[in-house]
Amino acid sequence: MSRLYFDAHATTPCDPQVVAAMLPFFTERFGNAASLQHPYGWEAQEAVEQARQRVAGLVGAKLRDVVFTSGATEANNLAIRGVIEAQLDSGRAPADLHVVTLITEHPAVLDPCARLEHVGVSVTRVPVQPDGLVDPERLRTLVTPGTTLVSVMAGNNEIGVLQPLAAIAAIAHGAGAWFHCDASQATGYLAIDMAAQDIDLLSCTAHKIYGPKGVGALVVRRSSKVTLAAQHLGGGHERGLRSGTLNVPGIVGFGEAARLAVARRADDGARVGALRDRLWARLRASLPGVHLRGAATPRLPHNLNVGFDGVTGRDLILALTDVAVSPGAACASTSADASHVLLALGLDEAAAKSSLRFGLLRTVTEADVESLADRLIELVPSLRASRGPKR
Ligand SMILES: *Cc1c(COP(=O)(O)O)cnc(C)c1O
């Protein structure tokens, strides 16, 4: 395929080393990690525990803190519904429970919150500033002593902005609430450290960091003393928090992806960030009417989100044959609605729909970026001309 891939926020390919690590666990090492009566099970369990250590190392947690799931969507559900339902199970009334989140969160956070609201839990969705960042002072006024959980992502999947996690953790903990962070986009590039940043629960997923799809984790710091209600009941796997036979090949792949990310994310971030900056510099120098969506810093190094006056993201995508790029979240790409994240920046619907999200892979080359910039610099003026002013 000669396609240029600029949709790294939707998913990334498996690193060849990840595939190599996984392969034996489909065939000769096929044991069930819970079959501890024989060596097949032992071998699988040992591989799972090694992966668990590596995923813990990815986020500055301990081996025992990691609960493997099917991805970040499930991890977010387990965190948010799990925390609140455990309180309901212990006899507290829904109206006494309060979740605070941002309006720019991923649907995998917003939808579980909406579900809880439906049963009477109070939910506050905090607006962001025009640069996409939450104002900690505003957050402080909305997190109260009655707040149970604060859920704020690390790096935004559409506009790449990095929320001030340490300040948010301090606000949550000052009110006696737990802090959950969806770090799906950030773990591949940032040295997230749950202990140093005081994060109680963290969601991550393999396929955003060059691992396989369908595996992720909720990391729950034991020292935070969080009580969670399991969302999958059954054989009591993962300390009863997530029953179901472990996806051993997937978990092994996640572990290898985590190990590689830790080893290379600083270098990757510097290189990819420089190419991202190069792309933006070329667009800005050669095209009038282009706008960076979200703060330039702090920002994920592999994200660029640009509004192009006078064209729609949809038209651009259609014209950019052989370039894989998307207007925003993959989950929302079938909907005709403007992105909720861009609208939250205060953009009107037309401005939101004029935007494209570029997600750079860590294997991106200078030639890829120059080629994309050339295509855009040629296409945007011609699309603008073909729309033309109506006479
Ligand atoms: C991709 C993504 C998810 C969903 O992760 P899955 O593993 O695909 O379920 C959740 N949150 C963010 C911020 C993401 O980027």
**Prompt:** Can you pull out the residues in the range 209-228 that are touching a strand residue (DSSP E or B) at 6+ places or on another chain (Cβ under 7 Å) and outside any loop (DSSP other than H, G, I, E, B)?
**Reply:** 216, 217, 218, 219, 220, 224
**Request:** Scan the range 215-229 and give yes if some residue there is at pLDDT 95 or above and farther than 21 Å from residue 64 by Cβ, otherwise no.
**Result:** no
**Message:** I need the full set of residues from the range 29-69 which are buried (at least 18 other Cβ atoms within 10 Å of the Cβ) and among the small types (Gly, Ala, Ser), in order please.
**Reply:** 31, 33, 44, 47, 51, 56, 60, 61
**Message:** Name the residue that is farthest from residue 300 (Cα to Cα), counting only residues in the range 151-167 that are within 16 Å of the ligand (Cβ to nearest atom) and not in a loop (DSSP other than H, G, I, E, B).
**Reply:** 151
**Request:** Under 9 Å between Cβ atoms, at least 6 apart or on separate chains: pull out the pairs that start in the range 136-154 with a residue that is farther than 15 Å from residue 123 by Cα and open to solvent by 50 Å² or more (accessible area, probe 1.4 Å) and end on any residue that is modelled with pLDDT of 95 or more and polar (S, T, N, Q).
**Result:** 138/129
**Prompt:** Would you say residue 375 is open to solvent by 60 Å² or more (accessible area, probe 1.4 Å) and either modelled with pLDDT of 95 or more or in contact with a Ser or Thr (Cβ under 6 Å, 6 or more places away or on another chain) (or both)?
**Reply:** yes
**Prompt:** Given the conditions (1) closer than 15 Å to residue 124 by Cα; (2) assigned to a loop (DSSP other than H, G, I, E, B); (3) within 16 Å of the ligand (Cβ to nearest atom), and given that residue 187 satisfies all but one, which numbered condition is not satisfied?
**Reply:** (1)
**Message:** One residue is enough: does the range 34-56 have a residue meeting the conditions within 16 Å of the ligand (Cβ to nearest atom), in contact with a His (Cβ under 9 Å, 6 or more places away or on another chain) and within 29 Å of residue 260 (Cβ to Cβ)?
**Reply:** no
**Asked** Here are 86, 75, 79, 108: which of them is small (Gly, Ala, Ser), within 25 Å of residue 352 (Cα to Cα), at pLDDT 95 or above and out of contact with any Lys or Arg (no Cβ under 7 Å at 6 or more places or on another chain)?
**Response** 108
**Message:** Out of everything in the range 93-104 that is of a type outside the set (A, V, I, L, M, F, W, C) and touching a strand residue (DSSP E or B) at 6+ places or on another chain (Cβ under 7 Å), what residue ends up being farthest from the ligand (Cβ to nearest atom)?
**Reply:** 98
**Message:** Considering only the range 211-225, I want to know if a residue exists there that is crowded, with 22+ Cβ neighbours inside 10 Å, in the same structural domain as residue 85 (by TED's automatic domain parsing), more than 21 Å from the chain's Cα centre (by Cα) and of a type in the set (Val, Ile, Thr).
**Reply:** no
**Asked** Does any residue in the range 217-238 that is at positive phi come within less than 7 Å, Cβ to Cβ, of a residue that is modelled with pLDDT of 95 or more six or more places away or on a different chain, and which pairs are these?
**Response** 234/243; 234/244; 236/243; 238/67; 238/68
**Request:** Report, ordered by the first and then the second residue, all pairs with beta carbons closer than 7 Å, sequence separation of six or more or different chains, a first member in the range 184-203 that is free of Cβ contacts under 8 Å to residues at least 40 places away in the same chain and among the charged types (D, E, K, R), and a second member that is more than 16 Å from the ligand (Cβ to nearest atom) and part of a loop (DSSP other than H, G, I, E, B).
**Result:** 200/221; 200/226
**Asked** Looking only at the range 93-125, which residues are more than 14 Å from residue 146 (Cα to Cα), open to solvent by 20 Å² or more (accessible area, probe 1.4 Å) and not small (Gly, Ala, Ser)?
**Response** 103, 106, 107, 110, 111, 115, 117, 118, 119, 125
**Item:** Test set (1) surrounded by 17 or more Cβ atoms within 10 Å (Cβ to Cβ); (2) away from the ligand (no atom under 15 Å from the Cβ) - residue 263 fails condition number
**Value:** (1)
**Message:** Being open to solvent by less than 20 Å² (accessible area, probe 1.4 Å) and either not assigned by TED's automatic domain parsing to the domain that holds residue 328 or not polar (S, T, N, Q) (or both): is that true of residue 248 here?
**Reply:** yes
**Item:** Filtered residues of the range 71-92 (kept if open to solvent by 40 Å² or more (accessible area, probe 1.4 Å) and more than 12 Å from the ligand (Cβ to nearest atom))
**Value:** 81, 85, 88, 89, 90, 91, 92
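Looking at 26, 6 in this structure, which one is touching a residue at least 40 places away in the same chain (Cβ under 8 Å) and either farther than 22 Å from residue 204 by Cα or of a type in the set (Lys, Arg) (or both)?
26
The values are calculated or read from the model by the stated rules, or taken from the named source; none is laboratory data. Computed from a predicted structure; not experimentally measured. Note: ideal-geometry Cβ built from the backbone for every residue, glycine included; neighbour counts use all protein chains shown. With ligands, DNA and RNA removed, areas are computed over all heavy atoms of the protein, side chains included. Shrake-Rupley method; radii C 1.70, N 1.55, O 1.52, S 1.80 Å.
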